Amino acid sequence: MADNLNRTADQGANRYIDTRGACTEPVPFTRAVIDGLAQGGGLYVPESVPTLELDDIVALADLPYAQRAARIYQLFNIDLPDSKIVELMGRSYGTNFDTDAIAPITSLDESTHVLELWHGPTSAFKDMALQCLPQFFSASAQALRDRGELDHTFCILVATSGDTGKAALEGFKDADGVRIGVLFPDGGVSDIQRKQMVTTTGQNVQVWAVRGNFDDCQTGVKRVFGDEAFAAEFMDGHQVALSSANSINWGRLMPQIVYYISSYAELVRSGKLEAGQLLDVCVPTGNFGNILAAWYAKQIGTPIGTLFCASNENCVLTDFINTGVYDIADRGFVLTPSPSMDILVSSNLERQLFELTDRNADAIRQWMGDLDSQRRFEVDGDTLAKLQEGFKGSAIGNDECLATIKAVLDEHDYLIDPHTAVAYAATQQLRSDRPVLIASTAHWAKFGDNVYRALHGIAPGAPLPEDVAALTGCELNALIARETGKDAIPAGLAQLDTMPVRFTEVIDGGTAAIESAVEALLER
Ligand SMILES: *Cc1c(COP(=O)(O)O)cnc(C)c1O
């Protein structure tokens, strides 16, 4: 690692290639972060993945979290100066989190460790990436401007079904050279989620409710991104480019690698693991970003054993791991108590397959083409074998998810959210005698209605009692807190009812309506 600490930016920096082999020239980190998606539709991955010795991994436990993150970024040899990386990480992982540990571990027993990824400002794991990416996004844009490779600012548009929108708003609010607009389906998000978004502070943010469902929002935003005339006018008239900071951005993946390496170090330092002992990891999976980060942590040298991919009833990934066939042709979309995992097209899987095929861009192009045209693809036997060597999958039904919340509270006096419950239940099915780290991806108070159902034996999707249904999200959380004795509701969630509402605009989901709303955002 020492070698990496004394270099200057750009000198021999790691470069990024794309999963479909469409880019003729590898690009530096700063460019990969600004572009998000590579030309030709592929995803960026680093040309080389660095490694760490076990001693160096364990030694990370001596540093504050922000410095651990800086070390990993330096190890990846990104094209920003070391001092800049340290500064940006200090801002990413500081008092914006409600604990110095940033991502603390709670051990339920000797071999079951829960990694709490929800201590950031929005109480969901997206903060781990979205408190960091915007820092590096602004700094990357500045670095490219300084090199004369960029002469505009950005307007980020996000369509959200709930969690991502708020995490993106918190991350990008008041970021240099960026404005952000978030669209959510009017009436289609929980009371807590809506209030989280419409009370966001910051000078560069805007939130719109859209008449329609999440699909209408997402389709509307995609059409705006596809409208080349609009983009050109935007650029000519305002020197602003439209951008989406979605989960395929390498700059969102990299912060997630940090906490897997860091957790291993902490478990060794606290005597819960022997240095070198294999640790299995279970991740509640949607877009495959979080679990892919654990896979990279393993490549870097972290002694991680098997990766458990936990799915809800939208179990396309579990079926894929078991059969090698990714099939969404005849698959309905199911609503579950873990909505952030209700995903059919799992975009980061493309990176995983690229790595498992020893970076065979031809195979990836073929499979992604099949997925587009036939809504299914099938990997070869070799790739399936490699997949099954590293991963196991398990799908958890809605009833089991809620029953698990109750069981874990009864057994361990620990209250978990429905996403974490899916991972906990999958762990019970898949674990061997190795210790397991379970990724906990949201605070329970983000999903109070389903936690209430779980604790009162109400079926998933069934109505709440009238008096409970009449409560605000905050009031319902306070009730659950009283009933369970879990009164530590994060401040950002507990105070939502008293925060001033800043955004009340409801717009149509058509391209023209969104475009004129975005124009207005620029002219503010
Ligand atoms: C986004 C999200 C997930 C899924 O993570 P991926 O990286 O998309 O697999 C799981 N749980 C929660 C609470 C989330 O917000």
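List of remarks:
- Which listed residue is part of a helix (DSSP H, G or I) and at pLDDT 90 or above, from E274, E266: E266
- All positions within segment 72-93 that are among the charged types (D, E, K, R) and either at pLDDT below 95 or in contact with a Phe, Trp or Tyr (Cβ under 7 Å, 6 or more places away or on another chain) (or both): D79
- Looking across segment 161-173, the residues that are within 16 Å of the ligand (Cβ to nearest atom) and at negative phi come down to S161, D163, T164, G165, K166, A167, A168, L169, E170, G171.
- Residue within segment 153-160 that is over 30 Å from S270 (Cβ atoms), within 14 Å of the ligand (Cβ to nearest atom) and at pLDDT below 95 present: yes
- Note on segment 34-57: residues that are within 19 Å of C132 (Cα to Cα), touching a residue at least 40 places away in the same chain (Cβ under 8 Å) and crowded, with 18+ Cβ neighbours inside 10 Å amount to 5.
- Which numbered condition E149 misses (of (1) part of a loop (DSSP other than H, G, I, E, B); (2) buried (at least 20 other Cβ atoms within 10 Å of the Cβ)): (2)
To keep it simple, each residue is scored yes or no on (1) surrounded by fewer than 24 Cβ atoms within 10 Å (Cβ to Cβ); (2) within 23 Å of E515 (Cα to Cα); (3) out of contact with any strand residue (DSSP E or B) (no Cβ under 8 Å at 6 or more places or on another chain); (4) at pLDDT below 95.
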position	(1), (2), (3), (4)
L133	no, no, yes, no
F136	no, no, yes, no
G162	yes, yes, no, yes
K173	yes, yes, no, no
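- Leading residue by the ranking (farthest from the ligand (Cβ to nearest atom)) among those in segment 428-451 that are under 13 Å from T285 (Cα atoms) and outside any loop (DSSP other than H, G, I, E, B): I438
- Hey, V345 of a type in the set (V, I, T), touching a residue at least 12 places away in the same chain (Cβ under 8 Å), at negative phi and within 16 Å of the ligand (Cβ to nearest atom) or not: yes
- For first residues located in segment 479-498 and surrounded by fewer than 15 Cβ atoms within 10 Å (Cβ to Cβ), partners that are of a type in the set (S, T, N, Q) and lie 6+ apart or on another chain with Cβ distances below 7 Å form the pairs D497/T472.
- Applying the criterion of being assigned to a loop (DSSP other than H, G, I, E, B) and among the hydrophobic types (A, V, I, L, M, F, W, C) to the residues of segment 484-508, the residue that is farthest from I405 (Cα to Cα) is F503.
To keep it simple, each residue is scored yes or no on (1) more than 13 Å from the ligand (Cβ to nearest atom); (2) of a type in the set (F, W, Y); (3) in contact with a helix residue (DSSP H, G or I) (Cβ under 8 Å, 6 or more places away or on another chain).
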position: V258; (1), (2), (3): yes, no, yes
position: L267; (1), (2), (3): yes, no, no
position: G286; (1), (2), (3): no, no, yes
position: W295; (1), (2), (3): no, yes, yes
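- Residues (assigned to a helix (DSSP H, G or I) and either of a type in the set (S, T, Y) or within 16 Å of the ligand (Cβ to nearest atom) (or both)) located in segment 234-256: W250, G251, R252, L253, M254, P255, Q256
- The set of residues in segment 97-130 being of a type in the set (S, T, N, Q), in a loop (DSSP other than H, G, I, E, B) and touching a residue at least 60 places away in the same chain (Cβ under 8 Å) consists of S111, T122, S123.
- Meets criteria (within 15 Å of the ligand (Cβ to nearest atom), among the acidic types (D, E) and either more than 29 Å from T323 (Cβ to Cβ) or surrounded by fewer than 16 Cβ atoms within 10 Å (Cβ to Cβ) (or both)) for D417: yes
- G202 satisfies every condition listed in (1) touching a strand residue (DSSP E or B) at 6+ places or on another chain (Cβ under 8 Å); (2) part of a loop (DSSP other than H, G, I, E, B) except (1).
- Residue match in segment 458-475 (condition: part of a helix (DSSP H, G or I), acidic (D, E) and crowded, with 16+ Cβ neighbours inside 10 Å): no
- Qualifying residue in segment 63-81 (condition: under 19 Å from the mean Cα position of the chain (by Cα) and among the basic types (K, R)): no
- Inter-residue pairs, beta-carbon under 6 Å, first in contact (Cβ under 8 Å) with a residue 60 or more places away in the chain and in segment 18-33, second acidic (D, E) and assigned to a helix (DSSP H, G or I), 6+ apart: T19/E350
- All of L60, L80 fail the test of being aliphatic (A, V, I, L, M), outside any helix (DSSP H, G or I) and touching a residue at least 12 places away in the same chain (Cβ under 8 Å), apart from L80.
- Each residue in segment 436-477 was checked for being within 24 Å of the chain's Cα centre (by Cα) and either hydrophobic (A, V, I, L, M, F, W, C) or within 21 Å of A395 (Cα to Cα) (or both), and 12 pass.
- Candidates Q206, Q256, Q218, Q239 - the one that is polar (S, T, N, Q), more than 22 Å from F503 (Cβ to Cβ) and crowded, with 17+ Cβ neighbours inside 10 Å: Q256
- Taking the listed residues L75, L144, L150, the one that is away from the ligand (no atom under 16 Å from the Cβ) and closer than 29 Å to I304 by Cα is L75, with no other qualifying.
- Unique match (being more than 27 Å from the chain's Cα centre (by Cα) and over 26 Å from H152 (Cβ atoms)) among R482, R524: R482
- Candidate set: segment 437-456, residues that are within 20 Å of I291 (Cβ to Cβ) and touching a Ser or Thr at 6+ places or on another chain (Cβ under 7 Å); chosen: the one surrounded by the most Cβ atoms within 10 Å (Cβ to Cβ): T441
The values are calculated or read from the model by the stated rules, or taken from the named source; none is laboratory data. Values in this document were obtained by computation on a predicted structure and should not be read as measured data. So basically every Cβ, Gly included, is an ideal-geometry build from the backbone, and we count neighbours across all protein chains shown.
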